[in-house]
Amino acid sequence: MSSRLIHEGHDHVPHAPPPALAAGVLVALALSGLEPHDRATWTMETCWVLVGLPLLVLVWRRFPLSPLLCCLLAVHALVLIVGGHYTYAEVPLGHWLQDALDLSRNPYDRIGHLVQGFVPAILVRELLARTSPLRGSAWLAPLTVCGCLAFSAFFELIEWWAALAGGSAADAFLATQGDQWDTQWDMACALLGAVVSLLLLSRLHDRQLARYGAGEGRSTVRPAL
């Protein structure tokens, strides 16, 4: 048994993830795997893409994502892929920003954690709006931010476990660059990214969610044999 979306006056929802986005991510992933700075770090940083993209394809027919979320997930994947290839402390863009802004460290890690809040905010918001009674609730935004901050904290636990397991070999993955407050900065950046994402994108997201019965319009999901 499969499922199909029944729409009332809204655009047709595609039956597969956007091919251009998927192809771009796959090409970038393949290129990043060619002589990365550190193979173990590349694996740890890109594992989210290696698992997430096949999972997205697998569940798409039953739970297609909004175009906005697809674009954001592709951007997030590219941020992870670049960080995995160079390691976050050695990304050339970060070095350029460090010189241009006279910073004490490569800021690409901070950018990555801003994105870690910015993109999951729309993912969490979409999941809650489409699968829970929170659609249209005043609690949707604060609970979305809480979910993003919880994930950020969980990621910091993963970094801690990696440090315990790998010792100094995990330094490139941690990307602390000698900052004793790196963990707190990472979570603060994710929190800021989530809040900014909701402020900037919620209205656009609602218009797109109307296609799935979770925004301004309504549609229903019925089983089709």
Requested in this report: From LEU65, LEU58, grab the single residue that is exposed (fewer than 15 other Cβ atoms within 10 Å of the Cβ) and either more than 17 Å from PRO17 (Cβ to Cβ) or not aromatic (Phe, Trp, Tyr) (or both).
Outcome: LEU58
Query raised in the report: If you scan the range 32-42, which residues turn out to be open to solvent by less than 50 Å² (accessible area, probe 1.4 Å) and small (Gly, Ala, Ser)?
Result: SER32, GLY33
Query raised in the report: Which of the residues that make up the range 196-225 are acidic (Asp, Glu) and either modelled with pLDDT under 90 or open to solvent by 50 Å² or more (accessible area, probe 1.4 Å) (or both)?
Result: GLU216
Query raised in the report: So LEU29 clears everything in (1) open to solvent by 80 Å² or more (accessible area, probe 1.4 Å); (2) modelled with pLDDT of 90 or more except one condition, right? Which one?
Result: (1)
Report task. Look through the range 111-145, keep the residues that are closer than 13 Å to VAL196 by Cβ and among the small types (Gly, Ala, Ser), and return whichever of them is most open to solvent (accessible area, probe 1.4 Å). Result -> ALA141
Report task. Kindly indicate whether any position in the range 86-96 is over 25 Å from TRP181 (Cα atoms), hydrophobic (A, V, I, L, M, F, W, C) and open to solvent by 40 Å² or more (accessible area, probe 1.4 Å). Result -> no
Query raised in the report: Hey, ALA162 hits all of (1) modelled with pLDDT of 75 or more; (2) in contact with a helix residue (DSSP H, G or I) (Cβ under 8 Å, 6 or more places away or on another chain) but one; which does it fall short on?
Result: (1)
Report summary line: Sole miss for ALA172 among (1) within 28 Å of PRO107 (Cα to Cα); (2) modelled with pLDDT of 60 or more; (3) among the small types (Gly, Ala, Ser) is condition (2)
Report task. Take the range 1-26 and flag every residue that is touching a helix residue (DSSP H, G or I) at 6+ places or on another chain (Cβ under 8 Å), modelled with pLDDT under 90 and small (Gly, Ala, Ser). Result -> ALA16
Report summary line: Pairing a residue in the range 32-46 that is over 13 Å from LEU78 (Cα atoms) and of a type in the set (D, E, K, R) with any residue that is part of a helix (DSSP H, G or I) and at pLDDT below 90, where Cβ atoms lie under 8 Å and the two sit 6 or more apart in sequence or on different chains, gives ASP38/ALA172
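The values are calculated or read from the model by the stated rules, or taken from the named source; none is laboratory data. Everything numeric here is computed off the predicted structure, so don't read it as measured data. Reconstructed Cβ throughout: ideal geometry from the backbone, glycine too, with neighbour counts over all protein chains shown. Just so you know, the surface numbers come from the protein's heavy atoms only, side chains and all, with ligands and any DNA or RNA stripped out. Shrake-Rupley method; radii C 1.70, N 1.55, O 1.52, S 1.80 Å.
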